[in-house]
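For reference, the structure is listed below as structure tokens.
The values are calculated or read from the model by the stated rules, or taken from the named source; none is laboratory data. Because the structure is predicted, anything quoted here is derived from the model rather than measured. When we count neighbours, we look across all protein chains shown, and the Cβ atoms used for this are built from the backbone with ideal geometry, even at glycine.
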Amino acid sequence: MLLLALPMVAGEERVAGPDGRMVVTVNDKGGAPTYGVTYDGVEFLSPSPLGLKTDVGDYTEGLTLTGVKIDAVSDDYSVPTIKVSTVHYRANRGVFSFSKDGKPAIDLIIQVSANDIAFRYKVYAPKADTKVCVVKEEATGYIFPDGTTSFLCPQMPPMAGFARTTPSYETDYKADDTLGKNGDGFGYTFPCLFRNGDKGWVLLSETGVNGTYCGGRLIGNPDGSYQLAFPMPEEIGGNGTSTVGLAVPGCTPWRTLTVAPDLKPIVETTVAWDVVEPQYEASQVYEPSRGSWSWILKMDNNTTYPVQLQYVDFSAAMGWETILVDALWDTQIGRENMEKLAEYAKSKGVRLFVWYNSNGYWNDAPQGPRNIMNRSVTRRAEMAWLQKLGVKGIKVDFFGSDKQVMLQLYEDILVDANEFGLQCVFHGCTLPRGWERMYPNFASAEAVLASENLYFGQYRCDREAFSACLHPFIRNTVAAMDFGGSTLNKVYNPMNDVTKRGSIRRTSDVFALATAVLFQSYVQHFAMTPENLTDAPDWAVNFMKAVPTQWDEVKFIDGYPGQYVSLARRTGDKWYYAGINASPESRTVEFDLPRGTYAFYYDIVDPATVKAAVKLHGKKAPLTLNPRETKADTFQGGRHHVIHKGGKVKVTIPCNGGFVYEKLSDLLIYD
């Protein structure tokens with residue numbers, strides 16, 4: 001039954017989810033609106049401020065709650081590019097109307113489902129002839145109960161880092177940190193995870209951000225509270241305002257909270273897409289793809305015609321659909337050879353993704369092509385050429401701002417690319433906020449400290465497992481993440497030569513396979529090289545040949561952010577179960593494995609425990625270890641077939657290791 005908002009005291013109303021467990025309470029006490037959140041009667045968000053300030057009115061004070069309307073909302077939708085292919089969204093919506101000086105001021109629109117809250121403001125014109133306003137700031141805040149800890153990614157300073165390209169969402173998370181901090185002085189990037197002691201979890205983010213608004217960040221205050229903030233004025237050299245121009249009446253983007261006593265709803269949430277709508281129709285069916293790219297291990301100097309031919313052959317040998325031709329192709333390959341490359345790739349059943357600099361006028365990034373994607377006239381001419389070549393998509397880099405003017409550029413690129421049948425991947429960029437559903441040709445985005453940083457320093461390699469054990473809970477749970485990982489090189493140099501200079505990978509080969517399942521992205525370019533066909537284990541290469549990038553379902557199994565994680569993903573009728581471990585000690589996870597025959601990829605520290613690993617499954621299966629099995633540090637792992645009659649299994653994961661179960665058949669036979 002629909003739970004109606006019930007008055008508790010004057011000026012206080014509430015709306016609950018369909019099952020009644022999550023309740024949002026709204027209050028106008030003292031003229032300053034607040035909201036609070038409980039789940040099963042436990043407080044997860046203390047009364048926190050609401051409202052916004054504009055140039056036509058201050059809607060943070062002097063407000064009166066004048067009306068509440070509650071109704072049920074439902075939406076059944078399909079989006080092939082997200083973690084689940086079909087979603088059945090059910091929620092209760094409360095529209096809380098506030099007036100000021102006797103006139104309508106703002107509506108607070110809140111939708112509450114089983115574990116998710118999404119809310120936004122609708123701003124009204126104070127006068128009949130007012131058609132626009134400037135939103136100067138939002139008062140939207142988050143006050144957590146005492147004892148809450150945080151898992152946050154500090155915002156980067158403006159116009160810093162490589163070629164003054166920041167902020168770009170590429171810093172280290174701090175896990176289980178105390179409240180009362182503000183990152184490196186610039187706040188934090190969304191999404192943001194909080195742990196309410198042993199009571200549960202809260203994930204904060206935002207969605208529905210397009211060219212009509214800006215992207216937000218989270219400011220931490222010394223008293224432990226947090227507040228939503230607009231971009232820094234200094235971003236992109238001070239060009240463009242850090243405030244927002246809004247047509248009125250008009251709505252802000254959605255602020256989202258996922259609240260639960262355990263991590264399962266955090267990992268499985270679809271709130272980023274539940275409350276947004278497609279902005280246009282797809283011009284064609286956009287297919288998932290896997291591919292290779294030379295840049296991640298061979299860097300700028302190898303974006304050359306001969307090397308890209310090798311990578312076309314490599315993708316063809318792997319059965320992958322694409323290669324990514326990265327930066328500097330305009331000068332090191334040239335347009336004539338790009339046409340030849342595209343034609344050669346076509347003959348091999350491979351298509352190109354092509355890299356571009358987003359610039360313009362906002363940073364010093366020197367890599368070309370430049371000054372194309374920033375203007376419609378040059379961008380559309382270029383896209384027509386790419387369409388003629390049969391290019392599958394573009395990767396656009398170095399944005400460096402969340403200002404409204406930059407969000408307009410993202411949207412303009414996507415709209416034009418759709419007209420020419422091109423998918424879009426963004427790097428050096430903002431967090432995608434509902435974009436998979438809003439823009440059907442949006443494929444993925446970086447917005448994370450991605451695989452290139454493993455190449456650039458040993459410190460990142462030493463922390464690889466820690467970071468990887470965060471992303472399924474935070475960054476990757478709200479949007480596709482173009483990490484570009486799953487390398488099988490033992491050392492980050494072009495020839496995988498341990499005698500040469502380069503960062504040493506600390507994780508196992510099975511860890512690399514597991515992240516191909518754990519990290520979700522409709523389009524993936526893996527950090528593998530043609531040399532891996534001979535210098536990596538056959539079982540690992542064969543797995544990477546077949547691993548999908550489109551998923552129909554996800555199930556969280558076990559884990560803790562920054563320590564370990566395991567989950568299951570389904571594509572069609574085929575399940576993959578995967579896990580990794582960053583803890584110093586081995587971790588054992590237990591889960592239900594349906595009846596069937598599986599390929600089991602595992603890591604062990606002591607070869608003498610091979611028999612024990614097989615015994616876990618109740619029936620001894622023939623052990624098939626490849627002669628070139630992985631040997632990284634103390635790892636010795638492999639692949640064997642498992643016959644399982646259905647029921648519980650236990651898997652022990654060593655530090656920096658992983659496991660994968662790949663379902664081969666429902667039948668209890670060996671292939």
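Just to be sure I understand, how many residues within the stretch 611-646 are at pLDDT 65 or above and farther than 23 Å from residue 581 by Cα?
Of the residues in that region, 4 qualify.
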Can you find a residue in the stretch 263-280 that is more than 30 Å from residue 213 (Cβ to Cβ) and in contact with a helix residue (DSSP H, G or I) (Cβ under 6 Å, 6 or more places away or on another chain)? no
Determine, yes or no, whether residue 81 is in contact (Cβ under 8 Å) with a residue 60 or more places away in the chain and in contact with a Gly (Cβ under 7 Å, 6 or more places away or on another chain). no
If you go through the stretch 144-158 one residue at a time, do you hit one that is over 30 Å from residue 95 (Cβ atoms), touching a His at 6+ places or on another chain (Cβ under 9 Å), part of a loop (DSSP other than H, G, I, E, B) and touching a residue at least 24 places away in the same chain (Cβ under 8 Å)? no
Looking only at the stretch 483-509, how many residues end up being among the hydrophobic types (A, V, I, L, M, F, W, C) and in a strand (DSSP E or B)? 2
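Taking the stretch 100-141 only, how many residues are within 25 Å of residue 275 (Cα to Cα) and in a strand (DSSP E or B)? Steps first, please.
The initial filter retains those residues of the stretch 100-141 that are within 25 Å of residue 275 (Cα to Cα), namely 104-125, 132-141.
Remaining after also requiring in a strand (DSSP E or B): 104-112, 116-123, 132-138, 141.
Total meeting the criteria: 25.
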Filtering the stretch 443-460 down to residues that are touching a residue at least 60 places away in the same chain (Cβ under 8 Å) and charged (D, E, K, R), which residue is nearest to residue 286 (Cα to Cα)? 446
So residue 125 fits all but one of (1) touching a strand residue (DSSP E or B) at 6+ places or on another chain (Cβ under 9 Å); (2) closer than 30 Å to residue 21 by Cα; what number is the exception? (2)
Which condition number in (1) buried (at least 23 other Cβ atoms within 10 Å of the Cβ); (2) more than 30 Å from residue 126 (Cα to Cα); (3) of a type in the set (A, V, I, L, M, F, W, C) is the one that residue 254 fails? (2)
With respect to residue 124, is the statement that it is of a type outside the set (Asp, Glu), touching a residue at least 24 places away in the same chain (Cβ under 8 Å) and farther than 30 Å from residue 265 by Cα true? yes
Flagged in the stretch 640-657 as of a type outside the set (Lys, Arg) and in a strand (DSSP E or B), in numbering order, are 640, 641, 642, 643, 644, 647, 649, 651, 652, 653
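Among the residues of the stretch 420-465, what is the count of those that are part of a helix (DSSP H, G or I) and under 18 Å from the mean Cα position of the chain (by Cα)?
Residues that pass the stated criteria total 8.
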Could you tell me which residue of the stretch 466-482 is surrounded by the fewest Cβ atoms within 10 Å (Cβ to Cβ), considering only residues that are within 9 Å of the chain's Cα centre (by Cα) and assigned to a loop (DSSP other than H, G, I, E, B)? 471
Here are 340, 298: which of them is within 20 Å of residue 483 (Cβ to Cβ), charged (D, E, K, R) and surrounded by fewer than 22 Cβ atoms within 10 Å (Cβ to Cβ)? 298
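Going by what's in this entry, would residue 417 be described as surrounded by 22 or more Cβ atoms within 10 Å (Cβ to Cβ) and within 20 Å of the chain's Cα centre (by Cα)? Outline the logic, then answer.
Values: surrounded by 22 or more Cβ atoms within 10 Å (Cβ to Cβ): yes; within 20 Å of the chain's Cα centre (by Cα): no.
No; evaluated as a whole, the condition is false for this residue.
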Can you tell me which residue within the stretch 389-408, out of those that are surrounded by fewer than 24 Cβ atoms within 10 Å (Cβ to Cβ) and of a type in the set (A, V, I, L, M), is farthest from residue 292 (Cα to Cα)? 405
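Here's the yes/no breakdown for (1) closer than 30 Å to residue 454 by Cβ; (2) polar (S, T, N, Q); (3) modelled with pLDDT of 95 or more:
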position	(1), (2), (3)
114	no, no, yes
125	no, no, no
150	yes, yes, yes
154	yes, no, yes
165	yes, yes, yes
175	yes, no, yes
185	yes, no, yes
Which residue out of 345, 316 is within 17 Å of residue 388 (Cα to Cα) and touching a Lys or Arg at 6+ places or on another chain (Cβ under 7 Å)? 345
Which one of these does residue 486 not meet: (1) surrounded by fewer than 22 Cβ atoms within 10 Å (Cβ to Cβ); (2) on the phi > 0 side of the Ramachandran plot? (1)
Anything in the stretch 372-381 that is out of contact with any Phe, Trp or Tyr (no Cβ under 8 Å at 6 or more places or on another chain) and buried (at least 18 other Cβ atoms within 10 Å of the Cβ)? List them, or say none. 379
